[in-house]
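The values are calculated or read from the model by the stated rules, or taken from the named source; none is laboratory data. Values in this document were obtained by computation on a predicted structure and should not be read as measured data. As a convention, Cβ positions derive from the backbone with ideal geometry for all residues, glycine included, and neighbour counts pool all protein chains shown.
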Amino acid sequence: MAGAACLAGGTAGAACTLLSPQLSAKRMVTLYTFGDSILDCGRYNELGLTPGQLLVRNDDRLFPEFRGQDLTARGAARLVHRAQDGATVSDLPGQGRGVRVDGPAIALVTIGGNDLLAGLIRDSGPGLQAFATRLEGFLQQLPVRPVLLGNVYDPTFGDDARNFLGVDPALARSNHRRLNALLAEVAGRYGALADLHGHFLTGDPSWFTNTIEPSLRGASEVRRVFWQHVQHVAGRL
């Protein structure tokens with residue numbers, strides 16, 4: 001990403017900070033990312049780009065429509081990347097360990113997809129509510145406000161013929177809806193919901209790679225959904 005420097009290494013799950021080269025007198029805004037591969041999808045595209053990077057500084061060559069639509073266009077900004085591919089809700093406390101906020105900050109969180117794949121897609125009992133309880137516990141302890149919480153998209157675009165899970169589609173879709181309803185409820189208490197599910201239903205298979213992961217285009221579309229909220233929040237910080 002042109003004009004940015006990764007100061008803390010690039011290993012998966014590490015805190016990677018990207019600094020704007022144009023530091024203004026305005027206090028720096030820190031964008032934190034927590035969760036799973038929806039935000040930690042750099043390994044799934046040849047440029048290693050993630051939604052958080054694009055929110056801090058757009059790649060104007062790749063995505064000219066977002067020229068000037070990033071945090072560094074508004075002043076000093078940096079990314080602290082804690083999200084990690086494969087994470088479930090149980091991994092969130094570890095990602096949040098050691099976070100100290102000094103100045104304006106925004107947290108992005110995407111979680112739940114791997115929990116569905118690990119068993120919640122078949123849940124007929126209290127599993128989904130236990131997921132919500134764990135998520136809320138993490139957010140209560142997280143010192144960053146506001147939190148923008150993404151819901152879980154559907155890589156089948158609502159088409160049962162694309163079912164790749166070996167689970168009855170009716171049960172899978174029911175639990176997916178239940179999970180997203182819980183995410184919306186939790187999001188309302190800590191910030192706002194970023195409706196990735198609704199937006200990705202308007203997309204096409206080029207938004208995905210490895211069946212479920214965001215491609216380069218997908219990373220930008222994740223950015224698009226979060227930017228709708230980030231630009232308004234940043235204006236109030």
Open item on the list: For segment 78-97, give me the residue count where each residue is over 15 Å from the mean Cα position of the chain (by Cα) and in contact (Cβ under 8 Å) with a residue 12 or more places away in the chain.
Closed with: 3
Open item on the list: With the structure loaded, tell me whether L237 is of a type outside the set (D, E), within 12 Å of the chain's Cα centre (by Cα), outside any helix (DSSP H, G or I) and farther than 18 Å from D59 by Cβ or whether it fails that test.
Closed with: no
TODO: Search segment 92-136 for residues being charged (D, E, K, R) and touching a Phe, Trp or Tyr at 6+ places or on another chain (Cβ under 9 Å), and hand back the single one that is nearest to S174 (Cα to Cα).
DONE: D123
Open item on the list: Restricting to segment 98-113, and then to whatever is within 13 Å of the chain's Cα centre (by Cα) and not aliphatic (A, V, I, L, M), can you tell me which residue is farthest from L237 (Cα to Cα)?
Closed with: G113
- [ ] Consider only pairs whose beta carbons are under 8 Å apart and that are at least six residues apart or on different chains; among these, list those whose first residue lies in segment 156-171 and is surrounded by 10 or more Cβ atoms within 10 Å (Cβ to Cβ) and whose second residue is at pLDDT below 90 and charged (D, E, K, R).
- [x] T156/R162; P169/D160
Open item on the list: Residue pairs, Cβ under 8 Å, 6 or more apart or interchain, first in segment 176-189 and of a type in the set (D, E), second outside any helix (DSSP H, G or I) and surrounded by 12 or more Cβ atoms within 10 Å (Cβ to Cβ). List them.
Closed with: none
TODO: Kindly list the number of the only condition in (1) more than 22 Å from Y32 (Cβ to Cβ); (2) part of a helix (DSSP H, G or I); (3) aromatic (F, W, Y) that fails for F157.
DONE: (2)
- [ ] Please work out which residue is nearest to the chain's Cα centre (by Cα), limiting yourself to segment 135-146 and to residues that are farther than 19 Å from S37 by Cβ and not in a loop (DSSP other than H, G, I, E, B).
- [x] L139
TODO: Could you grab me the full set of residues in segment 51-77 that are closer than 15 Å to R27 by Cα, assigned to a helix (DSSP H, G or I) and over 18 Å from the mean Cα position of the chain (by Cα)?
DONE: T72, A73
TODO: Please go through segment 93-134 and pick out each residue that is outside any helix (DSSP H, G or I) and either basic (K, R) or surrounded by fewer than 16 Cβ atoms within 10 Å (Cβ to Cβ) (or both).
DONE: R97, G98, R100, V101, D102, G103, A118, G119, S124, G125, P126
Task: Test: residue in segment 168-185 that is outside any helix (DSSP H, G or I), over 30 Å from G98 (Cα atoms) and not hydrophobic (A, V, I, L, M, F, W, C) - done: yes
